């Protein structure tokens, strides 16, 4: 525990690469990350995927808090930071140290945008995440609010979730209207974050394939110096050959 | 807490200036008798007509279960460890401590953020991050630190409940066995509490004294806070029944 990973202002020293995506719900970021994941694996890279708010410990607590509607902006923020900390330690750092590619669906920038809209201090939430490492590539999928709404209503999910629409903030009784107000404020925060942390802005109104081609082009260029570690599969083959050859004689 | 304030970046959506009550924190390492003294103080204050709310470390509705689960799985990283406790504290602060202070209660806190600061420092050697995390905490009106030396503490803990994994800091592998680890861990905590005494203006009380003496000292430290508090409804009716010479 005494070894301190570098803070988010300097590049991390590990042989792996960390690629993250950001954007509001309905921006298509998860779809793009999934397609990138497929492509990287097809090229033979070892890839590890991790997702915002997914550790079991914190998920159960968040669920409990949401059910009783007792979460405040601060506890909401702290719970997500706890989830992030535990995934950074258990899921993100080990594969990076092992030289793998790590793909993260949402990163600390989600907290900087969303928690600030919920009302916590922008300075405080940035200090909270000062233990995080800087990603090698951070994509922001920028989408106008109406496009996000029509995507979410029209296709993939059919309706908005309570917290995703910011219904806890009493912005509007109407779920769609609440989503519009809440997510528009988040978009405004993202605009600041893009400059502050040099995120790569992607035009998320374009076709899925077009965006993916652009993303793959950028990732390929960024991976030019990346030397992937040889996976266990290759080693295992060598291992068995060594023992099999004498036996067959 | 007329001039109540936050340690650092506070709860921007909560104005702390209208808090009428008093926040009193009782700090000290494990086994110094904090909870016994808090019970006695509550009794003493309630007899005088003050409303009292007590709050304890990791006792929030939201988090107490989660922290138990995390401890069973032995969380390894410093950040999650601290953030879980910070979440528990934030939940109690917003749902329990601040509402009570707003209604004019005296809040007795069994441990406060100093416990988290000491534990995190012992685990990381860094003071900055944990202080930033707890920046939203209210500065208490009074912090009483029940101080004990590690030799006395060891005997007392063995005599009573025995040493457990977390109180011994076994996650830190400081010593070969429970006893060595407990001693080293608690010494480091005491050292850190001593350093904070000056910085945060703790009132130090020697926890090796008899419970009666300690309780009396605690009451002496608290009494000056109460004189500012004469406007509480309970005392107002008292003073109209028996007008004091000063009025």
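Restricting attention to the range A:62-88, the residues being assigned to a helix (DSSP H, G or I), within 8 Å of chain B (Cβ to nearest Cβ) and farther than 22 Å from residue A:126 by Cβ number 2. The set of residues in the range B:166-183 being away from chain A (no Cβ under 14 Å) and in contact (Cβ under 8 Å) with a residue 40 or more places away in the chain consists of B:166, B:167.
Just a yes or no: is a residue in the range B:93-100 more than 10 Å from chain A (Cβ to nearest Cβ) and in contact with a helix residue (DSSP H, G or I) (Cβ under 6 Å, 6 or more places away or on another chain)? There is no residue in the range B:93-100 that is more than 10 Å from chain A (Cβ to nearest Cβ) and in contact with a helix residue (DSSP H, G or I) (Cβ under 6 Å, 6 or more places away or on another chain). Check the range B:150-163 and report whether any residue there is outside any strand (DSSP E or B), within 18 Å of the chain's Cα centre (by Cα) and surrounded by 17 or more Cβ atoms within 10 Å (Cβ to Cβ). Checking the range B:150-163: not a single residue is outside any strand (DSSP E or B), within 18 Å of the chain's Cα centre (by Cα) and surrounded by 17 or more Cβ atoms within 10 Å (Cβ to Cβ).
Here is a yes/no grid of residues against (1) away from chain A (no Cβ under 14 Å); (2) in contact (Cβ under 8 Å) with a residue 12 or more places away in the chain; (3) in contact with a helix residue (DSSP H, G or I) (Cβ under 7 Å, 6 or more places away or on another chain):
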{"residue": "B:7", "(1), (2), (3)": "no, yes, yes"}
{"residue": "B:11", "(1), (2), (3)": "no, yes, yes"}
{"residue": "B:23", "(1), (2), (3)": "yes, yes, yes"}
{"residue": "B:27", "(1), (2), (3)": "yes, yes, yes"}
{"residue": "B:35", "(1), (2), (3)": "yes, yes, no"}
{"residue": "B:38", "(1), (2), (3)": "yes, yes, no"}
{"residue": "B:42", "(1), (2), (3)": "yes, yes, no"}
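Yes/no matrix, rows are residues, columns are (1) touching a residue at least 60 places away in the same chain (Cβ under 8 Å); (2) touching a helix residue (DSSP H, G or I) at 6+ places or on another chain (Cβ under 8 Å); (3) over 28 Å from residue A:63 (Cβ atoms):
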position	(1), (2), (3)
A:141	yes, yes, no
A:150	no, no, yes
A:170	no, no, no
A:174	no, no, no
A:182	yes, yes, no
A:186	yes, yes, no
A:193	yes, yes, no
A:201	yes, yes, yes
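Can you say whether residue A:24 is in contact (Cβ under 8 Å) with a residue 60 or more places away in the chain, within 14 Å of chain B (Cβ to nearest Cβ) and crowded, with 19+ Cβ neighbours inside 10 Å, as far as the supplied structure shows? The answer is no for residue A:24.
The criterion of at least 3 residues that are crowded, with 17+ Cβ neighbours inside 10 Å and at pLDDT 95 or above is met by the following helices (runs of 4 or more DSSP H) wholly inside the range A:121-207: A:122-128, A:175-197. Number of residues in the range B:121-138 that are outside any strand (DSSP E or B), away from chain A (no Cβ under 11 Å) and buried (at least 19 other Cβ atoms within 10 Å of the Cβ): the value is 1.
Apart from one condition, residue B:116 fits all of (1) closer than 20 Å to residue B:11 by Cβ; (2) in a helix (DSSP H, G or I); (3) more than 14 Å from chain A (Cβ to nearest Cβ); the exception is (3). From the list B:90, B:109, the lone residue that is within 24 Å of residue B:145 (Cα to Cα), in contact with a helix residue (DSSP H, G or I) (Cβ under 6 Å, 6 or more places away or on another chain) and either buried (at least 24 other Cβ atoms within 10 Å of the Cβ) or facing chain A (nearest Cβ under 7 Å) (or both) is B:90.
The values are calculated or read from the model by the stated rules, or taken from the named source; none is laboratory data. What you see is a predicted model; the values in this text were computed from it and never measured. Note that we place each Cβ from the backbone using ideal geometry, even for glycine, and neighbour counts take in every protein chain shown.
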